[in-house]
Amino acid sequence: MKSDVEELMPRLLPVETCDTGEDFNLNEPPRNPQEYLRQVQLEASLCPDVVVAKIDPKKLRKKQSVNVSLTGCQAAPQGFSPSLKWQRQQVSNFSEIRQSISKHRQHWSGHALDDNVLMPKQDSEEQWKKFCLGENVYLNSPPIDPGATISAVLEYLINWFEEREFVPQLGRWLYALLACLEKPLLPEAHSLIRQLARRSSEVRANLESQEDERLSPLNLMICLVARYFDQNDLADKED
């Protein structure tokens, strides 16, 4: 009877079934093509059907689960959606900034920070929110909990944005963090930027005027996530 693997992967070459009782020495070179193929067949029969990797649990990140929502952005109210020309221009500008950041990273990789620059500790979400948003904005937000690097700080700020309105400081930092995200995106970063676009669309849907100063940066967040990071189902269409 054929194994499940054989059913899924039928033989492509007409090789006779290998009799495991035959006197094959896998350490010696085959004498002809038929013998070579039969040795390959024998080696495959000796491999286990299932292999379990040994993983050191100490090397795994704590909070590994990633929840990816398939829901899209809320449609922009009539007249609130940016033109395709505007979106293309923003993507072009963003791409240039990312290239510039890459060059600066290489230049400054061997330099230490000035003594007067005090960065928050890696696992302090509250300190990162205070650092990015400033005291006045931060003092109006309740605590959440820990982790750092670019995607961790992005997560902190998006969590803050989920509970609050859009402010200029938030927009500047979100733009900078998106510019520093490396492609291809890790699963958690993929989920985060989609969350950012959806939240931006929610806030935009509740704006009362096209003159609202938040409209352009909200459109920009949605545009970059959809057009630059290839989340095309979230993209704005022209009115």
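A short reminder: the numbers here are calculations on the coordinates, not readings from a lab. Because the structure is a prediction, the values reported are computed rather than measured. Cβ coordinates were reconstructed from backbone atoms using ideal geometry, including for glycine residues, and neighbour counts include every protein chain displayed.
Expressed in nm to one decimal, what extension gain is obtained for the pair residue 183 and residue 91 from 0.36 nm per residue of sequence separation less their Cα-Cα distance?
31.6 nm
Using a basic spin-label model with each label point 7 Å from the Cα along Cα→Cβ, how many nm lie between residue 205 and residue 164?
Label at residue 205, label at residue 164, 2.3 nm between them.
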